[in-house]
Amino acid sequence: MNSSRGSRCLLAASIFCLTVSPTFSQVIPSFRDPSVSLDTRVKDLLTRLTTEEKLGLIHGASKFSTAGVPRLGIGPLWMSDGPHGVREEIGPDTWNAAGRTDDFSTAMPVGICLASTWDPDLAAADGRTIGQEALWRGKNIMLGPGVNIMRTPLNGRNFEYMGEDPYLAGQMAVGFIQGQQGEGVASCVKHFAGNNQEIQRNSIDVQMDDRTLYEIYLPAFKAAVQQGHVLSLMGAYNKFRGTYCCENSLLLNSILKKDWGFQGLVMSDWGGAHSTDGSVRGGLDLEMGTEGPYGKNYLAGPFGAGIAAGTYSIDQLDEKVSRVLRVLIATHGVDVKPAGSYNTRQHQMTARKVAEDGSVLLKNDRATLPLNTAKIHSVAIIGSNANQKFASGGMSSGIKAFYEVPILEGLTRELGDKVTVTYAAGYRIPRRMRRGQPSPAPVVDHDLIRQAVAAARASEFAIIVAGLNHDYDTEGSDRPNMKLPAGEDELIAAVAAVNKHTVVVMVSGSPVEMGAWIGKVPAVLQTWYGGAESGNAVARLLTGAANPSGKLPCTFPKRLEDTPTSHFKSYPGANGVEHYEEGLKVGYRWYDDQKLEPEFPFGFGLSYTTFAYSNLDVTGYQEHGFAAHVQFDVANTGKIDGAEVVQVYVSAKGSSVWRPVQELKGFKKVLLARGQTASVSLLLDFSAFAYYDSASQMWVSEKGEYEIRVGSSSRDIRLQKSINVPQTLRYHD
Ligand code: GLC
């Protein structure tokens, strides 16, 4: 029994006796009174706590909880990973699985799949699903979403995050947070900030200029705080400008709490706190995961001793405790938690919808897809990834799934019994010995390739399920390169040589090099790690039961050498320091600047139907600075219903400072029946035209000419119009 559920029962009993015993002139204490403001409840509860009880609320009392206040019938604050569902129970004081049978979850698709839907409303449904299952498991805080920008395709945790663009990552995180927190469960946006690799993640000192910080690496967190009203945030392991993020006063006190007005709590990543003084003064509110006895945590005994010695004040303690109480009260920590739900049909269908809408159709020559199941008789399904389950991998974001449908199972079922399916493994990805160790040399198994080629030769269609796994897409290590392991390149080329109807389904959490075979296959579908319903979602997409609508949230470079971090040799750092030399030139901002042709550009994704854009109108007007109303029509010019993600990029002309060629500043997913035309309206406020000026520490929405670009991807601009911003507006963060 999760102890939080135990304290809930105790709490319910205490409220019950309060309400049924009229002889006691009981007034519900303010902190339990939902009719008063959250601030009032926090202040009331704070006055009732001893110093010891206060300290017990700002550090771990188990791997994933605080101490609570048993004297007042208040249970612990329970946290759980992660961004893809409620992690299995571990501990309480070890990382070992608790071996329970009541801690399964619906495995949601990974973060980068959710980002690829470009649908904040769907992100909200994703957040709601995990929130409901978190309630069922008695949790107050879910440790996600992760929004660290994809600076290099090699980062092991790219699969958990939301891609290379700060605006897209921010809007998707806002949707997720609003959905999850609407269920009464706190989200925890992470990892703040500059945690863009796993190599030396606990110690690397990240150095970058102000524009890069404010324009690339902070905006998704700022959106989570100011638009999503996220209740908690996790400080990252790394250092920023020489100081650990979890005690970095610039990040936590000046930017997050003062400038952005963050009212929630800042927790450390597990083991990310490093000193009492740094934690007290640097803005950390909740210390989690520090090794050793909890009473010796930096914010436990040592902080209490510092207060007793007069080094620290009770006010400094109360500032932290108040933030924790705010989250505790906001997440039913002092009343009876809603029961929540789990593994419902709605949860399953939300998982399938995210997997479907997050899959990206990268190539479809000769309308190879969708498969016409009424006409075909034989399909070879090739690749060990077709017959694998992935949900439990990746370390902290792994899930003990109620179920997970592999692609082989889902596709075989969808094809039906009139189609002969032949399976061949084709390759086996060698296990990486230990995290962080260099991958073993890819082992090309020519017997497996021969068997796969034979199966393909004997079938009308060949579906190769290629990609990576969570030995490569994982917390704790980065990939050594962008190549497919285990001879998959050779396999794909060999199969394509004997079957012209070869389709590649890519199961991976980050870009891979495709140059060895992309010109030899007519169709490619990027499906990421699609969670519980992945097999069914991929099957529905391949057979046309669902129409692909995903768009890439990151660039797929042709080769690793084309990436900005390779060009500047600014990754993974040297002597413990990493200079973000590429600055603002991250992702498409780099490839546009260098006029480099990627394999597939940011924002790209095909559909089984086609879309046409027309009638762009851009009207500028003055309101708190300049804003622009963008309106245009988009039509479904094909034969089937489909959804298009219309994208709006802003391109500054003649700016006084270097600006990216273009920047994403608006998007909308539009569902269109065949033949339907819709009018789309988007508003670009002054921030869409602004850059960050380090000298004045202000944003500058600079007067001058801008091009408003409307398109189907960053490299497929369909409409554009110039506007003039008449005057410059300067404003603070
Ligand atoms: C891990 C991860 C973090 C996770 C936490 C608890 O090291 O960095 O994302 O939420 O510890 O498992």
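The values are calculated or read from the model by the stated rules, or taken from the named source; none is laboratory data. From a predicted model like this one, the values you see are computed outputs, not experimental measurements. Using ideal geometry, Cβ is built from the backbone for each residue, glycine included, and neighbour counts are taken over all protein chains shown. SASA here: full protein model, heavy atoms, side chains in, ligands and nucleic acids out. Shrake-Rupley method; radii C 1.70, N 1.55, O 1.52, S 1.80 Å.
Summary table below
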item: All positions within the stretch 216-243 that are touching a strand residue (DSSP E or B) at 6+ places or on another chain (Cβ under 8 Å), more than 14 Å from the ligand (Cβ to nearest atom) and part of a strand (DSSP E or B); result: Lys239, Phe240
item: Positions within the stretch 124-182 being more than 16 Å from the ligand (Cβ to nearest atom) and basic (Lys, Arg), in sequence order; result: Arg128, Arg151
item: Residues that are part of a loop (DSSP other than H, G, I, E, B), away from the ligand (no atom under 12 Å from the Cβ) and surrounded by fewer than 21 Cβ atoms within 10 Å (Cβ to Cβ), drawn from the stretch 257-273; result: Trp260, Gly261, Gln263
item: Test: Leu361 is part of a strand (DSSP E or B) and within 30 Å of Leu122 (Cβ to Cβ); result: yes
item: Tally, over the stretch 708-724, of residues that are open to solvent by 60 Å² or more (accessible area, probe 1.4 Å) and in contact with a Leu (Cβ under 9 Å, 6 or more places away or on another chain); result: 3
item: Any chance Val507 is of a type outside the set (Asp, Glu) and either open to solvent by 10 Å² or more (accessible area, probe 1.4 Å) or in contact with a Pro (Cβ under 8 Å, 6 or more places away or on another chain) (or both); result: no
item: Filtered residue count, the stretch 539-550, keeping only those that are touching a helix residue (DSSP H, G or I) at 6+ places or on another chain (Cβ under 9 Å) and in a loop (DSSP other than H, G, I, E, B); result: 6
item: Options Asn202, Asn196; residue that is within 15 Å of the ligand (Cβ to nearest atom) and open to solvent by 40 Å² or more (accessible area, probe 1.4 Å); result: Asn202
item: Of residues in the stretch 711-733 being part of a loop (DSSP other than H, G, I, E, B) and of a type in the set (Ser, Thr, Tyr), the one nearest to Lys595 (Cα to Cα); result: Ser714
item: Lone qualifier among Gly675, Gly620 - being within 27 Å of Tyr214 (Cα to Cα) and either surrounded by fewer than 16 Cβ atoms within 10 Å (Cβ to Cβ) or in contact (Cβ under 8 Å) with a residue 60 or more places away in the chain (or both); result: Gly620
item: Subset of the stretch 362-373 [open to solvent by less than 10 Å² (accessible area, probe 1.4 Å) and touching a helix residue (DSSP H, G or I) at 6+ places or on another chain (Cβ under 8 Å)]; result: Leu369, Leu371
item: Inter-residue pairs, beta-carbon under 8 Å, first over 22 Å from Gln662 (Cβ atoms) and in the stretch 690-701, second in a strand (DSSP E or B), 6+ apart; result: Ser696/Arg730; Met698/Tyr692; Met698/Arg730; Met698/Tyr731
item: Residue within the stretch 378-394 that is of a type in the set (A, V, I, L, M), open to solvent by 30 Å² or more (accessible area, probe 1.4 Å) and either over 30 Å from Val42 (Cβ atoms) or more than 27 Å from the chain's Cα centre (by Cα) (or both) present; result: no
item: Looking only at the stretch 286-334, and only at residues there that are within 16 Å of the ligand (Cβ to nearest atom) and not in a helix (DSSP H, G or I), the one that is nearest to Leu265 (Cα to Cα); result: Leu286
item: Contacts under 7 angstrom Cβ, first residue in the stretch 114-143 being of a type in the set (Lys, Arg), partner within 16 Å of the ligand (Cβ to nearest atom) and assigned to a helix (DSSP H, G or I), 6 or more apart; result: Arg128/Gln180
item: So Ser249, is it closer than 24 Å to Asp318 by Cβ, in contact with a helix residue (DSSP H, G or I) (Cβ under 6 Å, 6 or more places away or on another chain), open to solvent by 20 Å² or more (accessible area, probe 1.4 Å) and more than 14 Å from the ligand (Cβ to nearest atom); result: yes
item: Selection count where residues are of a type outside the set (Lys, Arg) and crowded, with 20+ Cβ neighbours inside 10 Å, scope the stretch 584-598; result: 8
